[in-house]
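Report on the following structure.
Please treat every number below as a calculation from the coordinates, not as lab data. Note that the structure is a prediction, hence the values are computed from the model and not measured. So basically every Cβ, Gly included, is an ideal-geometry build from the backbone, and we count neighbours across all protein chains shown.
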């Protein structure tokens, strides 16, 4: 969990509190400011989630082994005699 997600969650909660207080007191301006802060927090949290997903993907790519090539010196195996006879 990165800094953006933590700060986003804090802004979301603070915005909810401010919006709810505005509803209880009838203060439309506080309601709007609280709702705006909630949206800002949700966006920041979403940005943090994307950053976490990208970092996790990069970490997984680094940890994965690269595909191994077959040894070029190995000659192709011959078809078994039974298959050669049946295909004629």
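What to note about this one:
- When 50, 32 are sorted by how many other C-beta atoms sit within 10 angstrom of their C-beta, beginning with the fewest, the order is 50, 32.
- Among 42, 11, 62, the ranking by other beta carbons within 10 Å of each residue's beta carbon, starting with the fewest, stands as 62, 42, 11.
- With neighbour counts taken as other beta-carbon atoms within 10 Å, the residues 7, 18 rank, fewest first, as 7, 18.
- Judged by the gyration tensor of its Cα atoms, with axes a ≥ b ≥ c, segment 3-63 is prolate; a/c meets the 1.5 cut and a/b is the larger of a/b and b/c.
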